[in-house]
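Asker: Pasting a structure below so you can have a look.
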Amino acid sequence: MTALSNSPVLEAIRNRRAVRNFDPAYQMTESEILALLEEARLSPTAFNLQQFRFLVVSDPAQRRKLREASWDQPQVTDASALIVLCADLKAWEKDPEQCWATAPAEIRDLYVGKLIPEFYSGRPQLQRDEGVRSCGLAAYALMMAAEACGLQSCPMDGFDFDQVAEIINLPADHIVVMYVAIGRELAAPGPRLPLLPLQALVAFNRFGPEK
């Protein structure tokens with residue numbers, strides 16, 4: 001294993017902070033936002049089903065409605081880009097062949113015809129969990145892409161989920177997972193809050209002593 005160094009990826013991980021005060025005068029173009037989302041969609045998903053859906057909210061009136069549903073948090077309207085990450089809970093049964101189109105026929109038939117439906121069918125909690133996992137991975141990839149481009153971001157779940165779903169006309173088989181706000185910070189965030197010691201977070205092989 002190569003020793004950890006100050007690679008661009010590690011620098012982005014270490015430098016990323018949740019920014020709440022964005023410069024409302026800074027504007028990203030649609031092509032710049034799509035370029036970040038192009039990177040985010042490379043994040044991994046189970047069975048390559050890509051359950052994440054990215055709703056780009058650019059209309060100022062729609063942003064104001066979302067801000068009202070988000071405890072009046074200013075980043076909802078002030079950030080240059082606001083992405084609502086949603087999960088399609090039924091992606092597993094909506095033409096999964098397209099996600100396996102380039103696989104050998106026998107592999108495609110195995111996954112699409114057997115493994116995927118056997119794994120998800122009749123398991124709504126699993127479908128939801130997979131959607132949330134996929135969106136979480138995509139959100140972090142999106143924030144890392146923003147950091148690599150010299151932008152700042154803020155992951156958000158402080159909002160009324162039902163109200164947001166109504167505002168954005170969420171399809172019945174989707175759920176809202178989180179926002180990611182992206183833009184230029186007005187001021188650097190304060191000192192990082194304490195991190196738990198690594199030994200409090202890591203266990204090996206099992207939790208607790210051997211029985």
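Every number in this text was worked out from the coordinates using simple rules, so none of it is lab data. Treat the numbers as computed from the prediction; the structure is a model and nothing was measured. When we count neighbours, we look across all protein chains shown, and the Cβ atoms used for this are built from the backbone with ideal geometry, even at glycine.
Asker: What are the DSSP H helices in the chain that stretch 27 Å or more along their long axis, judged by alpha-carbon atoms, and whose average Kyte-Doolittle hydropathy comes to at least -0.5?
Answerer: 124-148
Asker: Give the dimensionless ratio obtained when the Cα radius of gyration of the stretch 122-185 is divided by 2.2 N^0.38 Å.
Answerer: Rounded to two decimals, the normalised Rg is 1.28.
Asker: Okay, next question. So how strong a dipole does the chain carry about its Cα centre when Lys and Arg Cβ are +1 and Asp and Glu Cβ are -1, to the nearest 20 debye?
Answerer: 620 debye
Asker: So if we plug the beta-carbon distance of ASP173 and SER58 into 1/(1 + (r/R0)^6) with R0 = 22 Å, what FRET efficiency do we get, rounded to 0.05?
Answerer: So, using R0 = 22 Å, E works out to roughly 0.35.
Asker: Longest span of the chain, sites excluded, free of chymotrypsin sites (Phe, Trp or Tyr not before Pro) in DSSP loop with at most 12 other C-beta atoms within 10 Å?
Answerer: Maximal segment without exposed cleavage sites: 72-203.
Asker: Two decimals is fine: what's Rg over Rh for the chain, C-alpha atoms, Kirkwood radius as Rh?
Answerer: Dividing the radius of gyration by the Kirkwood radius yields 1.01.
Asker: What share of Cα pairs, in percent, lie more than 25 angstrom apart in the stretch 14-135?
Answerer: 41 percent
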